[in-house]
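These notes concern the structure reproduced below.
The values are calculated or read from the model by the stated rules, or taken from the named source; none is laboratory data. Source: prediction; values computed, not measured. Don't worry about glycine lacking a Cβ; one is built from the backbone with ideal geometry, like all the others, and counts go over all protein chains shown.
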Amino acid sequence: MEIFKKLRGMRDILPEEIERWKKIENVFIEVSELFGFKEIRIPILENKYLFERGIGSNTDVVMKEMYEFKDKKGREIALRPEATASVVRAYIENQIYNKEKITRFYYYGPMFRYDRPQKGRYRQFYQFGIEILGGKHPFFDGESVQILDIAFKRLNIENFIFLINSLGCKNCKGKYIEEIKKYFLANINVLCEECKIRTEKNPLRVLDCKNNSCRAILNKIPSILDFLCIECKVHFENFVNFLERFDINYKINPKLVRGLDYYTKTVFEVVPEKEDIAIAGGGRYDNLVKEIGGPDIPAVGFAVGIDRIVPLIKEKENKNNEIIYFISLGERAKIKGFEIMKKLVEERIKVEMDYEDRSLKEYLKIANKTGKRWCIILGDNEIDRGIIILKDMKEGFQEEIKEEEMIEKIKERIK
Ligand code: AMP
């Protein structure tokens, strides 16, 4: 018979790993909520053209990596490759800008990109992200970075750096693109086939190319920071001053452009110092709301790749030691045991029972193997005497507890 395997680039996240995932998710949710963010949940499926318009039709994400299909009515659908375009779509569709000046959203969930799978790169991956809509002040950019910095430090991830840059507004970006187009045309023979096309269609994307010969000529490329207008320059300076003032570890990288077309002014990426794979990325996107049909509203945000944070969290938590293993010996004990188990659950005490008939020895072996600290043992003898036995597997100690004192005593022991 065929044995089904997961699709390439997809992963099963098993319970022993889930605790680390939840810890990371909770830290990001908590820190964002402390800064006044509210959760938004957007659909996984969207109109494909939302991403074409939002992210850019000449980006790798849209051209090569999008999971697309036609639904039964022939509508062109895509699995979201990222969430910013969807959040902005929801912001416009629900006219949130009429309700408040500044909107702070966070989201969490799976994203899909048909990329070549490798370490830290999956086809289904999870992003936590924030979006601040409505503010153009550089402190909004600073706040985004600050949230990441606080969250990473709370997770005991210490050695990381923010790579930062500015892409300027439409004008500065436009002038820069003209300039690098000339530069690439002068070096066209060195560029890979794809970058020859990029030079025509979207020269900024050449800066993301991983090809060695393309990278070699990037060393002498003009810096975008020399093309910023006064307003964009001041914005960037204020952003940098914010990072200085709040002790954020950063480095300016004038070649950082990020793979999505919607960025303007500030862009940033977080990279652990010993690795060259980004764990988070973000920036300002002042034209996106207008671009996809809304009013002229500036915005900034980031997305963290949770799959890439999990391996950086060292400790493995064993949640099994919090679950009481209920051993009921015989049919009578199963009924009485279930009654007690229900009471424990009502008191929010975690407990599990295996209803198969096994010997006490075998049950204890299982408890040991699965890392349980506490067992309750109940047989005919205990029922007749109105007691249960609570066994501490770690200290190798057990005691008899009267049924009516059970809840109180168990709570005391396991806390
Ligand atoms: P982006 O949406 O491209 O700006 O990426 C933001 C963050 O999401 C990156 O810094 C990564 O941490 C994470 N990320 C992006 N693509 C993938 C992927 N294919 N697999 C795992 N994580 C990813």
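Structure summary
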read-out	value
Search result, residues across region 79-115 that are under 30 Å from D12 (Cβ atoms), of a type in the set (D, E) and more than 14 Å from the ligand (Cβ to nearest atom)	none
Selection from region 304-323 of residues that are part of a helix (DSSP H, G or I) and within 13 Å of the ligand (Cβ to nearest atom)	I306, D307, R308, I309, V310, P311, L312
Scan of region 263-303 for residues that are free of Cβ contacts under 8 Å to residues at least 24 places away in the same chain and part of a strand (DSSP E or B), ordered by number	G281
I221 vs. criteria outside any loop (DSSP other than H, G, I, E, B) and surrounded by 13 or more Cβ atoms within 10 Å (Cβ to Cβ)	no
So L50, is it touching a strand residue (DSSP E or B) at 6+ places or on another chain (Cβ under 7 Å) and aliphatic (A, V, I, L, M)	no
Matching option when the condition is assigned to a helix (DSSP H, G or I), in the same structural domain as F35 (by TED's automatic domain parsing), without any contact (Cβ under 8 Å) to a residue 60 or more places away in the chain and of a type in the set (D, E, K, R), among K101, K153	K153
Among the residues listed as D286, D296, the single one being assigned by TED's automatic domain parsing to the domain that holds L256 and either surrounded by 17 or more Cβ atoms within 10 Å (Cβ to Cβ) or among the basic types (K, R) (or both)	D286
Condition check for I327: more than 13 Å from the ligand (Cβ to nearest atom), modelled with pLDDT of 95 or more and closer than 23 Å to C172 by Cα	no
Residue in region 39-48 that is part of a loop (DSSP other than H, G, I, E, B) and within 16 Å of the ligand (Cβ to nearest atom) present	yes
Odd one out for R245, checked against (1) free of Cβ contacts under 8 Å to residues at least 40 places away in the same chain; (2) not assigned by TED's automatic domain parsing to the domain that holds T59	(2)
Near pairs, Cβ below 7 angstrom, 6+ apart or cross-chain, from region 51-78 (not assigned by TED's automatic domain parsing to the domain that holds G294) to any residue that is part of a loop (DSSP other than H, G, I, E, B)	none
Among the candidates T103, T59, residue that is surrounded by 13 or more Cβ atoms within 10 Å (Cβ to Cβ) and modelled with pLDDT under 95	T59
R89 being part of a loop (DSSP other than H, G, I, E, B), at pLDDT 95 or above and among the charged types (D, E, K, R)	no
In region 116-143, residue nearest to F105 (Cα to Cα) [restricted to those that are touching a strand residue (DSSP E or B) at 6+ places or on another chain (Cβ under 9 Å), more than 9 Å from the ligand (Cβ to nearest atom) and in a loop (DSSP other than H, G, I, E, B)]	G134
